[in-house]
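Okay, structure first, notes after.
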Amino acid sequence: MDKHKTIYLITIGLLLILGLVSLVNSNYFQVEDIEIEGNKLLSDEYIITYCDLEDINIFNIDRQKLANKLVELPQIKGVVITRDLPKKLIIEVNERRPIAIVGIQSSYQIIDSEGQVIATTKNLAYWNLPLVTGVEVINDGKQLKISSEIKKAISYLGMLSDQLLKDISELNISKGDGLQLFLVDGGIVKLSSNFDNKAKSKIFTSVYNDLKSKGQKIEYIDLRYGNNVIVHLAK
């Protein structure tokens with residue numbers, strides 16, 4: 001290859017690179033659409049405002065840094081961010097699932113199955129979840145300092161469906177009576193202090209849904225004796 005042809009090819013290559021760099025940094029790749037997926041607790045508007053991505057080039061977004069910023073929100077457990085060129089950013093969030101309420105001093109805290117505090121409120125009207133009673137709970141700011149009994153109890157709640165959680169008004173933990181679930185309609189579910197979460201959640205779900213579908217009112221469901229289930233219907 002002669003010298004002139006080499007210079008020509010190098011020049012063309014540099015021009016192409018400069019053109020590509022110019023295109024990448026142009027308004028053509030400015031973010032105009034942000035799509036939020038997987039959110040229930042936080043609104044699209046809240047997340048978009050929190051991200052603060054106004055007038056930014058899609059290639060100038062540090063996705064890992066943005067993901068780290070988002071998981072600082074107590075409601076968010078994980079984030080996946082993808083680019084949909086040329087102007088769209090997709091933010092898929094994995095929110096923590098609220099499963100119980102604990103009373104701390106003059107307020108209530110909404111927690112997930114790991115004891116992570118999702119929200120603090122003085123009004124329980126919005127949160128249709130079981131209230132944890134019978135034990136003292138200490139909060140260090142973001143996560144509750146909880147005993148092994150509470151961990152097991154809230155882990156059990158985490159295995160129940162959202163609809164079933166709405167039908168439970170209270171989760172009481174006491175050394176004498178073990179764990180008891182008080183149902184919204186007045187029934188009680190009795191569990192021992194030591195039980196298999198997965199097995200007992202399946203049994204309770206099956207028995208409760210069957211009784212509910214038949215319109216039968218529960219006085220108590222006793223699950224303390226292995227696979228044996230004692231059901232007493234209200235008169």
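Some values worked out for this structure:
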item: Only listed residue being modelled with pLDDT of 90 or more and assigned to a loop (DSSP other than H, G, I, E, B), chosen from ASN128, ASN209; result: ASN128
item: Test: residue in region 208-215 that is surrounded by 15 or more Cβ atoms within 10 Å (Cβ to Cβ), under 29 Å from SER147 (Cβ atoms), assigned by TED's automatic domain parsing to the domain that holds SER174 and of a type in the set (A, V, I, L, M, F, W, C); result: no
item: Residue match in region 43-51 (condition: more than 17 Å from the chain's Cα centre (by Cα) and assigned to a loop (DSSP other than H, G, I, E, B)); result: no
item: Residue check, LEU181 within 15 Å of SER155 (Cβ to Cβ) and part of a strand (DSSP E or B); result: yes
item: Residue among GLY103, GLY78, GLY115 that alone is surrounded by 16 or more Cβ atoms within 10 Å (Cβ to Cβ) and either of a type outside the set (D, E, K, R) or not assigned by TED's automatic domain parsing to the domain that holds ILE34 (or both); result: GLY115
item: Region 1-42 - residue that is farther than 30 Å from TRP127 by Cβ and at pLDDT 85 or above and, of those, nearest to the chain's Cα centre (by Cα); result: ASP33
item: Residues located in region 196-235, provided they are of a type in the set (Gly, Ala, Ser) and more than 30 Å from the chain's Cα centre (by Cα); result: GLY215, GLY226, ALA234
item: Enumeration of residues in region 96-125 that are assigned to a loop (DSSP other than H, G, I, E, B) and β-branched (Val, Ile, Thr); result: ILE99
item: Qualifying residue in region 181-195 (condition: under 20 Å from the mean Cα position of the chain (by Cα) and either over 27 Å from GLY78 (Cα atoms) or surrounded by 13 or more Cβ atoms within 10 Å (Cβ to Cβ) (or both)); result: no
item: Only one of ASN197, ASN172, ASN139 that is within 26 Å of GLY103 (Cβ to Cβ), in contact with a Ser or Thr (Cβ under 6 Å, 6 or more places away or on another chain), assigned by TED's automatic domain parsing to the domain that holds TYR108 and at pLDDT below 90; result: ASN197
item: Selected residue (criterion: surrounded by the most Cβ atoms within 10 Å (Cβ to Cβ)) from residues of region 61-75 that are of a type outside the set (D, E, K, R) and touching a residue at least 12 places away in the same chain (Cβ under 8 Å); result: GLN75
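The values are calculated or read from the model by the stated rules, or taken from the named source; none is laboratory data. What you see is a predicted model, and the numbers here were worked out from it, not measured in a lab. We place every Cβ from the backbone using ideal geometry, glycine too, and count neighbours over all the protein chains shown.
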